[in-house]
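Novice: This is the structure, below, for whatever I ask next.
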Amino acid sequence: MIVDNDLLSIQHARITAENAFEAQKLLAGFTQDRLDAVVSAMGKAVTEQAEELAVMAHEETDCGSWRDKLTQIRFVCGDVLDALLRLRCVGVLAEDPEKKLMDIGVPVGVIASLAPVANPIAAAAHQALMAVKAGNAIVFSPHPRAARSTARVVALMAEAAQAAGLPEGCLACLEPACRSGARELMRHKNVALIVNTGVPSLLNEAREAGKPLIYAGIGQGPAFIERTADIARAARDIVRSKTFDNGMAPAAEQSVVVDACVIDTVREALRAEGCHFMTPDERRRLGEVIAACGSAGPGVLGMSAENLARRAGIAVPEGTRLLVALREYVNENDPFSGEIMAPVLSLYVERDWRHACAKCIEVLLHDHKGHTLVIHSRDEAVIRQFALKKPVGRLLVNTPATFGALGMTTNLTPSVTLGSGSAGFGITSDNVSPLHFIYTRKVGYGVRQAPVPEGGNAPSPADDRPLDARAVRALFGNLVDILDRVPTD
């Protein structure tokens with residue numbers, strides 16, 4: 001029997017979107033306390049299976065580190081969930097009795113989520129928690145390389161949520177996972193919002209669907225090491241960040257820009273952390289592998305530094321954690337100028353912070369513009385200049401990019417869904433929270449009389465008398481005749 005997976009996926013997209021639409025009508029009547037109870041049950045279910053889910057995702061995708069995936073899952077079901085539960089998303093959000101104003105939180109409806117291959121469990125769990133917290137239904141379109149693990153975590157959450165009262169159909173996952181189904185889901189009339197979590201191959205289709213879009217990509221993030229930085233700490237932060245999950249975290253550094261006067265110290269510090277500085281021939285060999293496989297393709301995505309080196313025929317010291325390519329220019333034809341979702345860094349040397357500033361802007365505008373920038377410095381004046389002048393969604397100071405952007409080591413909103421709106425790829429550059437999954441209804445009471453038109457007179461008491469039939473007919477024409485024939489009983 002011949003099975004057309006494209007047609008099956010399209011059909012399933014239509015069915016799940018319609019079911020989600022009907023189920024969300026029921027969910028929209030839930031109070032915030034009732035929604036929170038459901039969300040807590042979902043988080044508990046994922047926590048109990050966290051290690052099994054992390055291993056499953058690693059084995060299915062064959063990339064990254066299952067231990068680092070486990071860290072992300074526990075972060076979502078711990079710090080992120082705690083932050084979610086403190087929010088109010090539906091009902092009365094704010095009230096000002098003096099000004100007679102009120103804000104009402106309203107769910108957007110049905111959300112379509114394009115789930116990634118990089119961190120499928122953490123991403124799907126986070127978005128499901130946010131969606132339900134805000135009273136929405138959500139349908140996931142998993143990446144084909146992570147279809148089983150994405151479907152597993154969605155089914156696990158749906159079972160726990162329905163036991164806690166969630167209407168059936170509010171959480172769903174497309175099967176089979178096909179591009180045709182994803183496209184149909186995004187275009188479906190019942191879908192109100194699209195969340196694309198690092199699936200650039202479907203970015204154009206998401207934008208063409210004509211719906212509000214949150215794009216949470218990886219980003220081309222540079223880290224600047226300025227001359228006043230704690231260089232040993234900066235090197236340690238960068239290597240820990242870029243090697244986490246083998247370079248697949250949303251905001252991981254893609255390049256390092258170094259103040260020329262401290263380059264020797266920086267090189268020594270990076271070597272001490274397990275970095276290998278490639279020779280020109282080694283750069284050529286690895287560049288050929290990246291060009292052949294794609295910077296986020298199988299064979300590069302989430303591979304360890306030692307496995308990448310072996311694939312490129314490069315001999316590296318045992319325990320090498322990160323491969324570094326010295327570069328001078330950002331070049332469209334240079335594979336090291338773009339984002340690489342693996343433990344590989346390009347390194348640029350600039351003679352002072354002003355030239356470093358220009359280089360960072362050049363890097364940011366080259367590929368997946370304006371996601372995240374890190375500066376390692378103790379000079380507050382330089383830090384402020386970077387904050388004021390960089391075309392970037394988030395600036396992190398003296399912290400590992402991966403953990404700082406997620407809110408692990410900073411006070412940014414805890415989130416594994418990082419908006420890339422500063423690049424024009426979506427409606428926000430924030431750390432995404434449930435407040436991005438609602439709209440706010442404004443309520444305003446009348447507190448002043450309407451103004452009198454200039455040159456006009458205020459209406460006199462005589463003007464309040466009812467219009468006679470002739471005046472009404474002159475104003476509304478045949479409408480009176482039509483209304484006269486309408487039965488009144």
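Novice: Consider only pairs whose beta carbons are under 9 Å apart and that are at least six residues apart or on different chains; among these, list those whose first residue lies in the stretch 372-389 and is basic (Lys, Arg) and whose second residue is surrounded by 15 or more Cβ atoms within 10 Å (Cβ to Cβ) and not in a strand (DSSP E or B).
Specialist: Once the first residue is basic (Lys, Arg) and sits in the stretch 372-389, its partners that are surrounded by 15 or more Cβ atoms within 10 Å (Cβ to Cβ) and not in a strand (DSSP E or B) give ARG378/GLU226; ARG378/THR228; ARG378/ALA229; ARG378/ASP230; ARG378/ASN398; LYS389/CYS357; LYS389/ILE361.
Novice: Would you mind finding the one in VAL344, VAL330 that is in the same structural domain as ALA312 (by TED's automatic domain parsing), touching a residue at least 60 places away in the same chain (Cβ under 8 Å) and not charged (D, E, K, R)?
Specialist: Of VAL344, VAL330, the one residue that is in the same structural domain as ALA312 (by TED's automatic domain parsing), touching a residue at least 60 places away in the same chain (Cβ under 8 Å) and not charged (D, E, K, R) is VAL344.
Novice: For the stretch 231-240, state whether one or more residues are touching a Pro at 6+ places or on another chain (Cβ under 8 Å), at pLDDT 95 or above and surrounded by fewer than 24 Cβ atoms within 10 Å (Cβ to Cβ).
Specialist: Yes, the stretch 231-240 contains at least one residue that is touching a Pro at 6+ places or on another chain (Cβ under 8 Å), at pLDDT 95 or above and surrounded by fewer than 24 Cβ atoms within 10 Å (Cβ to Cβ).
Novice: Still on this structure: Pick from ARG378, ARG384, ARG441: which is of a type in the set (Lys, Arg), modelled with pLDDT of 90 or more and within 20 Å of ALA131 (Cα to Cα)?
Specialist: Exactly one of ARG378, ARG384, ARG441 is of a type in the set (Lys, Arg), modelled with pLDDT of 90 or more and within 20 Å of ALA131 (Cα to Cα), namely ARG441.
Novice: I would also like to ask the following. If we keep just the residues of the stretch 72-96 that are surrounded by fewer than 20 Cβ atoms within 10 Å (Cβ to Cβ) and out of contact with any strand residue (DSSP E or B) (no Cβ under 9 Å at 6 or more places or on another chain), which is farthest from HIS436 (Cα to Cα)?
Specialist: ARG74
Novice: Answer with yes or no whether GLY165 is surrounded by 19 or more Cβ atoms within 10 Å (Cβ to Cβ), on the phi > 0 side of the Ramachandran plot and in contact (Cβ under 8 Å) with a residue 40 or more places away in the chain.
Specialist: In short, no.
Novice: I would also like to ask the following. Which residue is nearest to ALA235 (Cα to Cα), if the candidates are limited to the stretch 254-275 and must be in contact with a Lys or Arg (Cβ under 7 Å, 6 or more places away or on another chain) and surrounded by fewer than 21 Cβ atoms within 10 Å (Cβ to Cβ)?
Specialist: By that ranking, first place goes to GLU273.
Novice: When you check MET278 against the structure, is it in contact with a Leu (Cβ under 9 Å, 6 or more places away or on another chain), crowded, with 18+ Cβ neighbours inside 10 Å and modelled with pLDDT under 95, yes or no?
Specialist: Judged against the criteria, MET278 is not a match.
Novice: Here is a follow-up. May I ask you to verify whether ARG384 is under 30 Å from ALA209 (Cα atoms), over 20 Å from the mean Cα position of the chain (by Cα) and not polar (S, T, N, Q)?
Specialist: The answer is no for ARG384.
Novice: Right, here's the next one. I'd like to know if the stretch 284-298 contains one or more residues that are in a loop (DSSP other than H, G, I, E, B), in the same structural domain as VAL374 (by TED's automatic domain parsing) and more than 28 Å from SER420 (Cα to Cα).
Specialist: no
Novice: Here's something else I'd like to know. Could you figure out which of (1) surrounded by fewer than 21 Cβ atoms within 10 Å (Cβ to Cβ); (2) out of contact with any helix residue (DSSP H, G or I) (no Cβ under 6 Å at 6 or more places or on another chain) isn't true of PHE386?
Specialist: (1)
Novice: I'm checking my understanding of the structure. Among residues of the stretch 132-153 that are out of contact with any Ser or Thr (no Cβ under 8 Å at 6 or more places or on another chain) and buried (at least 24 other Cβ atoms within 10 Å of the Cβ), which one is farthest from PHE30 (Cα to Cα)?
Specialist: Among residues in the stretch 132-153 that are out of contact with any Ser or Thr (no Cβ under 8 Å at 6 or more places or on another chain) and buried (at least 24 other Cβ atoms within 10 Å of the Cβ), the one farthest from PHE30 (Cα to Cα) is THR150.
Novice: What number of residues within the stretch 323-341 satisfy the criterion of being in contact with a Leu (Cβ under 6 Å, 6 or more places away or on another chain) and either acidic (Asp, Glu) or modelled with pLDDT of 95 or more (or both)?
Specialist: 2
Novice: So which helices (runs of 4 or more DSSP H) stay within the stretch 174-251 end to end and still have 1 or more residues that are in contact (Cβ under 8 Å) with a residue 40 or more places away in the chain and within 28 Å of THR71 (Cβ to Cβ)?
Specialist: Correct list: 203-208, 231-243.
Novice: Please go through the stretch 365-420 and give me each residue that is assigned to a strand (DSSP E or B) and within 23 Å of TRP353 (Cβ to Cβ), ordered by number.
Specialist: THR372, LEU373, VAL374, ILE375, HIS376, ARG394, LEU395, LEU396, VAL397
Novice: Of the residues that make up the stretch 350-363, is at least one surrounded by fewer than 21 Cβ atoms within 10 Å (Cβ to Cβ), under 26 Å from ARG284 (Cα atoms), modelled with pLDDT under 90 and in the same structural domain as ARG394 (by TED's automatic domain parsing)?
Specialist: yes
Novice: Right, next: Can you spot a residue in the stretch 98-108 that is surrounded by 19 or more Cβ atoms within 10 Å (Cβ to Cβ), closer than 28 Å to HIS12 by Cα and modelled with pLDDT of 95 or more?
Specialist: Scanning the stretch 98-108, I find at least one residue that is surrounded by 19 or more Cβ atoms within 10 Å (Cβ to Cβ), closer than 28 Å to HIS12 by Cα and modelled with pLDDT of 95 or more, so the answer is yes.
Novice: Can you work out which of the residues in the stretch 421-435 that are part of a loop (DSSP other than H, G, I, E, B) and at negative phi is surrounded by the fewest Cβ atoms within 10 Å (Cβ to Cβ)?
Specialist: ILE427
Novice: Residues in the stretch 318-374 that are of a type in the set (Ser, Thr, Tyr) and in contact with a Lys or Arg (Cβ under 8 Å, 6 or more places away or on another chain): how many?
Specialist: Total satisfying the criteria: 4.
Novice: Would you be able to say whether some residue in the stretch 19-27 is assigned by TED's automatic domain parsing to the domain that holds CYS170, over 18 Å from CYS173 (Cβ atoms) and either modelled with pLDDT of 95 or more or over 23 Å from the mean Cα position of the chain (by Cα) (or both)?
Specialist: Within the stretch 19-27, one or more residues are assigned by TED's automatic domain parsing to the domain that holds CYS170, over 18 Å from CYS173 (Cβ atoms) and either modelled with pLDDT of 95 or more or over 23 Å from the mean Cα position of the chain (by Cα) (or both).
The values are calculated or read from the model by the stated rules, or taken from the named source; none is laboratory data. Values in this document were obtained by computation on a predicted structure and should not be read as measured data. Cβ: placed from backbone, ideal geometry, glycine included. Neighbour counts: every protein chain shown.
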